[in-house]
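Everything below concerns the one structure shown next.
The values are calculated or read from the model by the stated rules, or taken from the named source; none is laboratory data. All values reported here derive from a predicted model rather than from experimental measurement. Glycine gets a Cβ as well: all are built from the backbone with ideal geometry, and neighbour counts include every protein chain shown. Calculation scope for accessible area: heavy atoms of the full protein, side chains included, ligands and nucleic acids excluded. Shrake-Rupley method; radii C 1.70, N 1.55, O 1.52, S 1.80 Å.
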Amino acid sequence: GNNFSSGTNLHHLMEIRSQEKFIQIDSTDSMQAWVETVMNCTKPVIAAVEGTAIGSGLALALACDLIVAGTSAQFMLANAKIGLMPDSGGSWLLMRHFPRQLATEMLLTGEPVTASRLHGFGVVNRIVEDGSALDAALTLADELSKLAPNVTSSMKSLAIDAQDNFLSEQFENEKHLFIESLQHRNAQEGISAFLSKRKPQFK
């Protein structure tokens, strides 16, 4: 509807609450698998957020590489308000995307945070008029599709690794990926196109 995600279905939680623990674990694992799949995708993933991104929905949005949000969009981890701990990697993603105090505030209070506030922290990449987030995200995706796909994929990997790597490890990653990209046909095409003042045709 008008929301990116309203989070976990609470009626479903009430149903599985009385069932055996392995069923409850399976339910949590399936959402974690969604988040992990988005993060491990070799192509950039763009979230188009309208309305609210709550709980697991927030985790899913943060798992994406870029976020385009409508002006009125709100982000929240509401678990604390209903006596639950976060799931779907929400705490991990919050602590890596936001300043510690803001992440802690969101974890403890469950209060919504606006798209404009998150844009100020660089978490939301673009804010657009309500109702146009998907179109804007597709336009951004089209722009990215014109870049060298081998480089786009490697850039995503490099960005993710940089969060946990030591500088020396990142040096090694960059060196390996740089030489690999230099030997690719797209480097020849990109450099030739730049020197010839034309648009490159990457494959």
Sorting ALA137, HIS97, GLY57 by the position of each Cα along the dipole of the chain (Lys, Arg +1; Asp, Glu -1; all at Cβ), the one nearest the positive end of that ordering is ALA137
If I take R0 = 41 Å and measure r between the Cβ atoms of LYS203 and SER72 in this structure, what FRET efficiency does the formula 1/(1 + (r/R0)^6) give, to the nearest 0.05?
0.55
Could you sort ASP142, ASP87 by their accessible area in this structure, using a 1.4 Å probe and putting the largest first?
ASP142, ASP87
With every protein chain in place, the accessible area of ASP135 for a 1.4 Å probe, in Å² rounded to the nearest 10, comes to 100
One would report the antiparallel percent of DSSP beta bridges in the chain, rounded to the nearest 5, as 15
Would you mind getting the accessible area per residue of region 81-203, heavy atoms of the protein chains only, 1.4 Å probe, in Å²?
68
Based on the Kirkwood radius over alpha-carbon pairs, what value in µm²/s does the Stokes-Einstein equation return for the translational diffusion coefficient of region 108-162 at 4 °C and 1.567 mPa s?
95
If I ignore ligands, DNA and RNA and count only protein heavy atoms, how much of MET39 is accessible to a 1.4 Å probe, in Å² to the nearest 10?
50
Among PRO149, GLN201, LEU182, whose Cα lies farthest out toward the positive end of the dipole of region 115-203, if unit charges sit on the beta carbon of Lys, Arg (+1) and Asp, Glu (-1)?
GLN201
Per DSSP H run of n ≥ 4, the term is -39500 (n - 2.57); total these for the chain, divide by its residue number, and report the mean residue ellipticity at 222 nm rounded to 500 deg cm²/dmol.
-17500 deg cm²/dmol
Remind me, relative contact order of region 72-203 in percent, using alpha carbon pairs under 8 angstrom and six or more residues apart?
19
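Hey, got the dipole for the chain? About the Cα centre, +1 on K and R Cβ, -1 on D and E Cβ, debye to the nearest 20? Please report the intermediate quantities before stating the final value.
On the way: 16 positive and 22 negative charges, 126 e Å.
It works out to roughly 600 debye.
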How tilted is helix 149-162 with respect to the longest principal axis of the chain? Cα atoms for both, answer in degrees (0 to 90, nearest 10).
50
May I ask for the angle, rounded to the nearest 10°, between helix 133-145 and the longest principal axis of the chain, with both axes built from Cα atoms and the value confined to 0 to 90°?
30
What share of Cα pairs, in percent, lie more than 20 angstrom apart in region 20-122?
36
Return a whole-number percent for the relative contact order of region 29-150, with Cα pairs under 8 Å and 6 or more residues apart as the contact set.
29
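Rounded to the nearest 0.05, what FRET efficiency do LEU167 and GLU105 give with R0 = 45 Å and r taken as the Cβ-Cβ distance? Could you check?
0.90
Please work out the FRET efficiency for the pair GLU129 and ILE179, using the Cβ-Cβ distance as r and a Förster radius of 30 Å; give the result to the nearest 0.05. Don't skip to the end; give the middle numbers.
Values: r = 44 Å, r/R0 = 1.46.
That gives a FRET efficiency of 0.10.
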Given the protein chains as shown and a 1.4 Å probe, how many square angstrom of GLU20 are accessible, to the nearest 10?
120
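Specify whether the C-alpha gyration tensor of region 64-203 places it in the rounded, prolate or oblate class, a ≥ b ≥ c being the square roots of the eigenvalues: rounded for a/c under 1.5, otherwise prolate if a/b is larger than b/c and oblate if not.
Values: a/c = 3.37, a/b = 1.67, b/c = 2.02.
It is oblate, given that a/c is not under 1.5 and a/b is not larger than b/c.
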Using only the alpha-carbon atoms, how far is helix 100-109 inclined from the longest principal axis of the chain? Give it as 0 to 90 degrees, nearest 10.
30
